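Undergrad: Here's a structure for you.
The values are calculated or read from the model by the stated rules, or taken from the named source; none is laboratory data. Since this is a predicted model, take the numbers as computed values, not measurements. In this analysis, Cβ positions are derived from the backbone assuming ideal geometry, glycine residues included, and neighbour counts consider all displayed protein chains. Only protein heavy atoms, including side chains, enter the accessible area calculation; ligands, DNA and RNA are left aside. Shrake-Rupley method; radii C 1.70, N 1.55, O 1.52, S 1.80 Å.
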Amino acid sequence: MAGGRPEEIFRLTDHLLPRPDAEAWRVLRDLLVREQPTTIAYRLARHLALVLEVRTRQDRGEALAQAQAAMREHPFVVQKAFDAARSVTPDQLEAGLRALLDYEWEVKSGQIDAEAGLLAVLAKL
């Protein structure tokens, strides 16, 4: 990640699902001091997409070891996504991805402030 703070993104994603908790909000505020909101949003979208992929694999009956073997992400990252996937529905994950896509378009077209918009997206998750 830009800025060399991947551990903070992991801490954020650890507290993101099924709903962002108080720690997610604290980590996000800290990240926004050093990172561009759009960079954080990109990382959140990647995380939600990974959890959705893992959730799909779970729904097909795949075990953790099967998912880890089939996916190119580090096994620890797949395990974290596997654990998170149990607490959310595919519809929730897809809605989060749609919210992040809308956010990106609104920021790039100048409709919203990037930081305020990211806070609004997190509130929708």
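Undergrad: Let me have the 222 nm mean residue ellipticity of the chain computed from DSSP H runs of 4+ only, each contributing -39500 (n - 2.57), with the sum over all residues rounded to the nearest 500.
TA: Calculated from helices alone, the mean residue ellipticity at 222 nm is -23500 deg cm²/dmol.
Undergrad: With the crude spin-label approximation of a point 7 Å out along Cα→Cβ, what separation in nm comes out for E23 versus Q111?
TA: About 3.4 nm separates the two model spin labels.
Undergrad: Translational diffusion coefficient of segment 1-62 at 4 °C, 1.567 mPa s, Stokes-Einstein with Kirkwood Rh over Cα pairs, in µm²/s as a whole number.
TA: 105
Undergrad: I would also like to ask the following. Give me the accessible area per residue for the chain, probe 1.4 Å, as a whole number in Å².
TA: 56
Undergrad: Something else: Based on alpha-carbon centroids, what's the gap between segment 1-70 and segment 80-125 in Å, whole number please?
TA: 11
Undergrad: Over the Cα atoms of the chain, how large are the radius of gyration and the largest Cα-Cα distance (Dmax), in Å?
TA: Spelled out, the Cα radius of gyration and Dmax of the chain are 14.5, 44 Å.
Undergrad: Next up: At a probe radius of 1.4 Å, what is the per-residue accessible area of D91, in Å² to the nearest 10?
TA: 110
Undergrad: With a 1.4 Å probe and every protein chain left in place, tell me how much accessible area H15 has, in Å² to the nearest 10.
TA: The value for H15 is about 60 Å².
Undergrad: Once the piece of chain linking T39 and E73 is laid out straight, how much longer is it, given 0.36 nm per residue of separation minus the C-alpha distance between them?
TA: In short, 10.3 nm is gained.
Undergrad: To the nearest 20 Debye, how big is the dipole of the chain about its Cα centre, given +1 on the beta carbon of each Lys and Arg and -1 on that of each Asp and Glu?
TA: 180
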